[in-house]
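Contents: one structure, followed by commentary.
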Amino acid sequence: MSSKPRSVLYMIGLLAAVILIPLAVIRTKGLKKGIDLSGGTILVYEIDSARQKTNIDIDELIAAIKRRINPDGMKDIMIRPIGSNRVEVIYPEATSEDVENTKRSITDQGLLQFRILATLKHEKLLLTDAMKENFLEWTNRKTTWAKYADVLTVTDRKDLKLSDRSLTDPTARWRKNEFVGWNVFVDGIDQQEELTVVSNDATTLTLSAAPGNASPTGFVLSNNKSQMGGFDPSAFKSAKEMNEAAATTPKDTPIVRDRTIMPGRVERYVLVLVPPDTQDVSGQYLARAYMAQDSRLNPAVGFAFNRRGAVKFGRLTREHLPEEGGNFKYRLAILLDDFVQSAPSLNSEISDSGIIEGGPSGFPVGEVNFLLSILNAGSLPATLNPVPLLEEKVGPTLGQDTIAKGIRAIIVSMIVVPIFMIVYYGKAGIIAVIGLVVNLVLLVGFMSLTSSTFTLPGLAGLALTIGMAVDANVLIFERMREEKDKGAGLREQVRNGFDRAWTTIFDANITTVLSGFVLFAIGTEEIKGFALTLIVGLVFNLFSAVYLSRQLFDSLVNSGWIKELHMLRFLATTKIDFVSARRLAATASLIVIGIGLAAFALRLSQGTMFNIDFTGGSLVTIRLNDADPSISGQSIDRRSAFVREKASALPDVTIESLNVENEKVGTRFNIRTSDEDVARVQKTVNEAFGSTLDRVSLTVGPRQAIAEPKPAEGAKAPATPASPWNASYELSLNVKQTASKLNQLLSQVLGDAAAGGKVDNPERAFSLSNTNSEALYQADLASDKFILRTNLAEEQASAKLKALSSAVANDPSLMFERLSNFGGTVAGETQKLAIIAIVASWAIIASYLWLRFKSWTYGFAAVLALVHDVLVALGAVALTYWLAQIPVISSLLMIEQFKIDLPMIAAFLTLIGFSVNDTIVIFDRLREIKGKTDKIDAKLVNDALNQTFSRTILTSLTAWSVVLIMYLFGGEGLHGFAFTLVVGFLSGTYSTIYIATPVLIGWLGHADQKSVSRDVASKSLAKA
């Protein structure tokens, strides 16, 4: 086969691979939409005050959670503080399994500790204290208790149901998935294999295999990963009996105790030694955790310490080596969240590494991956209650009209650039478009592979990628044009076009890639996501625009399909004296930047510069009256638009439609606003919505008598304790409320002399309990059903409950399920870290250009232009506060009072890459035309600017046209993002020509020349 067909076949195979493989990934994993496009799940957690003994920095807790569930910043997960002890997490559209995994990642603290088990040999004197009923409260400096097992036992039951892989206990009130991974032993069947719990709800266990069809009479659930037992002092009636038994028990036996927390539910503890500080090793000393295997080749978790941790771990194990000729061995307990995961015997000193075993069968692979993510992310500074205070589905934060406008604008902007390239560059443009398609498919495939989410600004970023990716193509094609103008043949045009443009392309991209690495290394999670996408996108762009395009050109030229390159010419080589205007331009820039910074400072002092992402605000959850004529029969989109319009009196409003299973869609909404005055927000919402708000209604069930206690049978039989209540009522609400709210209102009603007379000590006259099974684990969980127990007479109770129903309906505070303040998603420390990362990225750009161009002035000039563009764009955003108040300007230029939000931060970061690329192109041309001369004068700079002017305008126009289309037609979802880039790209083109390059012939350029002159003079003297 000749080389021409082989070359064509290679190209066909290459194109098929780079397109079909990403498409296969996309089809398999799908594309995940962000909260703004598809909504997600809201989770609200409360810090477990019982386990948190010190004050906690809520921002530090949020930062730790981000490292766990969104370490690369690619998943569009929003995390906000609510008050000082609650955290709100909004997870984008996901499967129930993903949500459950996220819940576990949030609630498992991840505290890793290493302890030596106490044994009968050295701690025998402590056995008497260990017999005490309140053994957990008994503490000393030397020992403490650690939980090693949980056991739930159900016996003598005839109502248990065993069906296929399900075991149901109809009387249970379990927390969802609290038994996942526990072992199951079912009475009444011949169990052939070890059964584990895959999942569970309030009453049913889903098992790993079908245990059979027998009728079970009971079962045991056990969570004992370390497979440990020991010597229990409480099993003996007297200290004497216990000491006699201890004398005949092996000396290396651990000391254990059981604690019954409810009938049939037991926690098991083991006594461990508290090490001195020099031997106290925890997860903070981990260098890394990794997948490993235990001695039976089962999956395990490996860990390695840093230097300080290795020293401490070495001391700990060295002090507890085998004794008595190896007959007595200490055991090392490895604790995760105060639970013993494994307890291997210590045979020798260990310093830098080890493994955590998962029992006889090892850990499931999924569990290993979970533990690795927890350990590598670090422990949380506080423990959250395992049951969320709130969990519900939320609709898109953007309205359907806004989404539709944004999508249309993005599609149009993505088409404009390819059409321009084909029209302007002909066949070369077609090759460029093929490269753009490959680049886009690769990037989307990567985002699908990494489960990244696509937000509306993120989709706009993809469109902008097309606009900016043609930069390399334009450089190459303009070089080809120059070669053609010189009379070069077709093959020489292609070869020299790629070769001579490569240096510039490499320099422009490597500076951006280096800055991306810096942003990813030290930036926040939000910036990490941008940096990772930036780096990967640039790598794909180099592949598609340089390598793939080169292969396509060579194949098509060699095969004769391209015989000549026809290109339009927008600008011939110009002869503009750019340098002469540099002082005027510098003065104008200083004035513009000065005005912009003054506007920024003023808005900052007024608190109007940043939106909810940074400032936080207030949240109110409303419920619409479905029968109200204003909304009756309306679709969810119409209702969302109605709520958005009514709430527009509040500043910076976002709307979230809420959807709970078995509930009518389109009746409940979250309204978020930057107004932090909760009382004012409540009043505004009440006035705006009026009768469309659903009033809270309370339905009282029939009175149920509470049976009298049974008398004792026999002289020694204990009597059943008397109940303080004589009757109960079921209370049902149409709007979920917390028990604390109802308790407060009921106490007020009982204490009121009206409606049945005043009740003395009203808080002692009733008991209110939540019927939600998870209320056992979260005391103040909102619910729509409660059981009221009381000792009031029937007539008085009826009167008081009627008064309660009236009070509930007329209490405005109860109309809102949630009414609270929340913090920003970007905390103060996070903002500082982001600024440090950005400044560090500028430093790496300056350093690279210094090394590349052999003078620090190039790096300084490039960063100066970069800072100029960011400040101009920032000032423009600040000035919109006043410009939007001028009707002619606001309507003509479509200006709103823009505020800085997270998408706008992404726009500012995008300016960095755009600005420095243009500048480097001119610097490279300047280096080329000045040759070996060290003199940089106005003529050289003007020549470089004029020779690259056509390319500068073309690349600026392609990128600018994309963001201009988004600004004009993209709607509110893209308006601020696009505005920043419209201004920034104009400033970037201007600063490249009038700021960055002329600096080289300013005082810095003269300094270089003086340095060169001194070097020449020194050489002359040396020769003399």
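Where a number appears in this text, it was derived from the coordinates with a stated rule and is not lab data. Just so you know, these numbers come straight off a predicted model, no measurement behind them. Counting neighbours? That spans all protein chains shown, and the Cβs are built from the backbone with ideal geometry, glycine included.
As a proxy for reagent exposure, ranking His122, His868, His975 by other Cβ atoms within 10 Å from fewest up yields His122, His975, His868.
How far is helix 949-969 tilted, in degrees, relative to the longest principal axis of the Cα atoms in the chain, given as a value from 0 to 90 rounded to the nearest 10? Tilt relative to the chain: about 40 degrees.
Which lysines have a Cα lying under 29 Å from the Cα of Lys237, excluding residues fewer than 8 positions away in the same chain? Once the sequence-local lysines are set aside, what remains near Lys237 is Lys121, Lys124, Lys132, Lys142, Lys147, Lys251, Lys716.
Computing FRET efficiency as 1/(1 + (r/R0)^6) for Leu602 and Ile886, where r is the C-beta to C-beta distance and R0 is 22 Å, gives about 0.85. Label sites at Ser234 and Ser282, each approximated as a point 7 angstrom past Cα along Cα to Cβ, lie 2.7 nm apart.
Computed on segment 40-106, with alpha-carbon pairs under 8 angstrom and 6+ residues apart, the relative contact order is 45 percent.
Kirkwood Rh over Cα pairs of segment 76-179 into Stokes-Einstein at 20 °C, 1.002 mPa s: D in µm²/s? It comes out at roughly 110 µm²/s. Under 5 Å between amide hydrogens, built in the peptide plane, is the criterion, and for Ser353 it picks out Phe305 among residues at least 5 positions away or on other chains. Remark: relative contact order (segment 617-696) = 45 percent; criterion is Cα-Cα distance under 8 angstrom and separation of 6 or more residues. By how many degrees, 0 to 90 and rounded to 10, does the Cα axis of helix 739-751 deviate from the longest principal axis of the chain? Roughly 50 degrees between the two axes. Quick check on my link table: of Lys158/Lys393; Lys29/Lys427; Lys103/Lys646; Lys225/Lys736; Lys225/Lys312; Lys427/Lys486, which ones sit more than 32 Å apart, alpha carbon to alpha carbon? Correct reply: Lys158/Lys393; Lys29/Lys427; Lys103/Lys646; Lys225/Lys736.
Give the dimensionless ratio obtained when the Cα radius of gyration of segment 119-230 is divided by 2.2 N^0.38 Å.
Cα-based Rg divided by the globular estimate yields 1.36.
Only Lys, Arg, Asp and Glu carry charge here, each on its Cβ (+1 for the first two, -1 for the last two); on that basis the chain has a dipole of about 3040 debye about its Cα centre. Labels on offer are [x] 35.4, 126; [y] 29.4, 85; [z] 42.8, 134, and the one holding Rg and Dmax of the Cα atoms in Å computed from this structure is [x].
Can you tell me which of 95-102, 141-148 comes out highest on packing, and rank the rest after it, using the mean Cβ neighbours within 10 Å?
Numbers: 95-102: 14.0, 141-148: 17.5.
Result, highest mean first: 141-148, 95-102.
Could you name the lysines whose alpha carbon sits less than 16 Å from that of Lys832, not counting residues in the same chain fewer than 8 places away? Here the lysines satisfying the reach criterion relative to Lys832 are Lys528. Among DSSP bridges having both ends in segment 617-696, what percentage is antiparallel? Round to the nearest 5. Bridges in segment 617-696 that DSSP calls antiparallel: roughly 100 percent. Where does the charge balance sit around Ala807 when Lys and Arg score +1, Asp and Glu -1, over other residues with C-beta under 14 Å from its C-beta? So the surrounding residues net to +2. Between 0 and 90 degrees, the angle of helix 1003-1023 with respect to the longest Cα principal axis of the chain falls at about 70 degrees. For segment 802-856, a simple Cβ point-charge model (Lys and Arg +1, Asp and Glu -1, everything else neutral) yields a dipole of about 340 debye relative to the Cα centre.
Would you please give the FRET efficiency between Asp752 and Ser84, computed as 1/(1 + (r/R0)^6) with r the Cβ-Cβ distance and R0 = 41 Å, to the nearest 0.05? Walk me through the numbers before you get to the answer.
Details: r = 33 Å, r/R0 = 0.82.
Between Asp752 and Ser84 the formula returns 0.75.
The trypsin sites (Lys or Arg not before Pro) found in segment 41-129 that occupy coil by DSSP, while having at most 14 further C-beta atoms within 10 Å, are Arg51, Lys53, Lys121. What translational diffusion coefficient, in µm²/s and rounded to a whole number, does the Stokes-Einstein relation yield for segment 40-106 at 20 °C and a viscosity of 1.002 mPa s, taking the hydrodynamic radius as the Kirkwood radius over Cα pairs? Translational D for this selection: 171 µm²/s.
Tell me, what is the percent relative contact order of the chain, built from C-alpha pairs under 8 Å that lie six or more residues apart? Relative contact order here is 14 percent.
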